[in-house]
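Trainee: Dropping the structure in here first, questions after.
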């Protein structure tokens, strides 16, 4: 028969010394992995009267080599952009606020209109609210005395 002696229980300790380090490393990892503009270099046109937009749901770009990008992935044609944006927006209510349906469109200033107009048309057909990106141009004032 077994004796009924009480067994010593060894407490299980979880090492928590490096939990803070792990948490900060995970935060840094997710911040670095969350950017949408992966490898896209664009020199946008300048304009006056620009305003800040809420965070967009979709990002479309055309770079200086006329390559089309949808949310950081290269696509082959405006038709692919239209279908991709339509799929993303299919679950969004048409009466939802603009920031839920907005598509940020960024285009290099050297891209001719024959290239970017079909992309804008495909975005409009997909039901997106288009926001074009540019850089602020200083307002020029007339020299004094004129």
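Trainee: Restricting the first residue to segment 52-75 and requiring it to be within 21 Å of residue 34 (Cβ to Cβ), which pairs with a second residue that is modelled with pLDDT of 85 or more and part of a loop (DSSP other than H, G, I, E, B) meet a Cβ separation below 6 Å and a spacing of at least six or different chains?
Mentor: Listed pairs, sorted by first residue: 74/67.
Trainee: Looking only at residues in segment 93-146 that are touching a helix residue (DSSP H, G or I) at 6+ places or on another chain (Cβ under 8 Å), part of a loop (DSSP other than H, G, I, E, B) and closer than 20 Å to residue 75 by Cβ, which one is modelled with the highest pLDDT?
Mentor: In the first step, residues of segment 93-146 are kept if they are touching a helix residue (DSSP H, G or I) at 6+ places or on another chain (Cβ under 8 Å); the result is 93-94, 101, 103, 105, 107, 118-119, 121-123, 125-130.
Subsequent filtering for residues that are part of a loop (DSSP other than H, G, I, E, B) retains 93-94, 126-128.
With closer than 20 Å to residue 75 by Cβ added as a condition, the list becomes 126-128.
On the way: 126: 84, 127: 81, 128: 81.
It comes out as 126.
Trainee: All but one of (1) in contact with a helix residue (DSSP H, G or I) (Cβ under 7 Å, 6 or more places away or on another chain); (2) at pLDDT below 80 hold for residue 66, so report the exception by its number.
Mentor: Failed condition: (2).
Trainee: Now for a different question. Looking at the structure I just gave you, is residue 28 within 19 Å of residue 102 (Cβ to Cβ) and either touching a helix residue (DSSP H, G or I) at 6+ places or on another chain (Cβ under 9 Å) or at pLDDT 60 or above (or both)?
Mentor: Answer is no for this residue.
The values are calculated or read from the model by the stated rules, or taken from the named source; none is laboratory data. What you see is a predicted model, and the numbers here were worked out from it, not measured in a lab. Here the Cβ is made from the backbone with ideal geometry for all residues, glycine too, and neighbour counts use every protein chain on show.
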